[in-house]
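Encoded as structure tokens, the structure appears first; notes follow it.
The values are calculated or read from the model by the stated rules, or taken from the named source; none is laboratory data. Because the structure is predicted, anything quoted here is derived from the model rather than measured. Cβ placement follows ideal geometry from the backbone for every residue including glycine, while neighbour counts extend to all protein chains displayed. We work out accessible area using only protein heavy atoms, side chains counted, and drop any ligands, DNA or RNA first. Shrake-Rupley method; radii C 1.70, N 1.55, O 1.52, S 1.80 Å.
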Amino acid sequence: MSGTLQVRDHLLNELETGVRTGEALIRKIRPEDWSFRPQDNFRSLLELVHHFVLISASDLAIMQEKSEGEVGSIESSLSGVEDPERLAVTFRQNFEDYKAYILSLSEEDYLNRSTKAFYMEHGHVQVQWQIETMTHVFHHRSQIYNYLKQLGHEVSFFMLYA
């Protein structure tokens, strides 16, 4: 296996860590937690978790140059869903679909195929999109962790790497 594909796999493994530990955080959420909003200009926990769960699906659609409407449909697909288990399962499935796409790319396409999001002037190659997705997941996982800590949940730094 080439070094490029080894790096691709390392990035997927790291993203899987974010998904696995994100699932664990989601499963800690109680019904009374959903409306929590640390400040008026922040998302509620429900809005944040919906966004988090859909990162892999919406980023995949963006990588595949789907339209603003198609991405918007994905981003609103969890409206009304408050069941932590369903959200965790959806998060995992979205990741598995994303992973299948990344693994389907040839090394040439992974490194050189550029796609452009509907909101961007210039495109990114697929490896750049993969890094963007990973940082996006970890950014919002951190927010969820902090929300749960503020709500008094038993969460520790160590669970983020278990």
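Summary table
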{"quantity": "Selected residue (only one of Ser67, Ser104, Ser77, Ser156 is more than 18 Å from the chain's Cα centre (by Cα), of a type in the set (Ser, Thr, Tyr) and closer than 26 Å to Glu32 by Cβ)", "calculated": "Ser156"}
{"quantity": "Residues of the stretch 1-27 that turn out to be within 14 Å of Leu111 (Cβ to Cβ) and either buried (at least 17 other Cβ atoms within 10 Å of the Cβ) or of a type in the set (Gly, Ala, Ser) (or both), as a count", "calculated": "3"}
{"quantity": "Qualifying residues in the stretch 127-145 (those that are within 20 Å of Pro38 (Cα to Cα) and free of Cβ contacts under 8 Å to residues at least 40 places away in the same chain) - the one nearest to the chain's Cα centre (by Cα)", "calculated": "His139"}
{"quantity": "Pairs with Cβ under 9 Å, 6+ apart, first in the stretch 1-20 and part of a helix (DSSP H, G or I), second open to solvent by less than 50 Å² (accessible area, probe 1.4 Å) and small (Gly, Ala, Ser)", "calculated": "Leu15/Ser56; Val19/Ser56"}
{"quantity": "Residue count, the stretch 35-50 (criterion: surrounded by 15 or more Cβ atoms within 10 Å (Cβ to Cβ) and either assigned to a helix (DSSP H, G or I) or aromatic (Phe, Trp, Tyr) (or both))", "calculated": "6"}
{"quantity": "Any hit, the stretch 115-131, residues being under 30 Å from Gln150 (Cβ atoms), out of contact with any Ser or Thr (no Cβ under 9 Å at 6 or more places or on another chain), open to solvent by less than 80 Å² (accessible area, probe 1.4 Å) and of a type outside the set (A, V, I, L, M)", "calculated": "no"}
{"quantity": "Qualifying position, being farther than 16 Å from His140 by Cβ, modelled with pLDDT of 95 or more and of a type in the set (Ser, Thr, Tyr), among Ser77, Ser58", "calculated": "Ser77"}
{"quantity": "Selection status of Lys149, in a helix (DSSP H, G or I), out of contact with any strand residue (DSSP E or B) (no Cβ under 8 Å at 6 or more places or on another chain) and surrounded by 14 or more Cβ atoms within 10 Å (Cβ to Cβ)", "calculated": "no"}
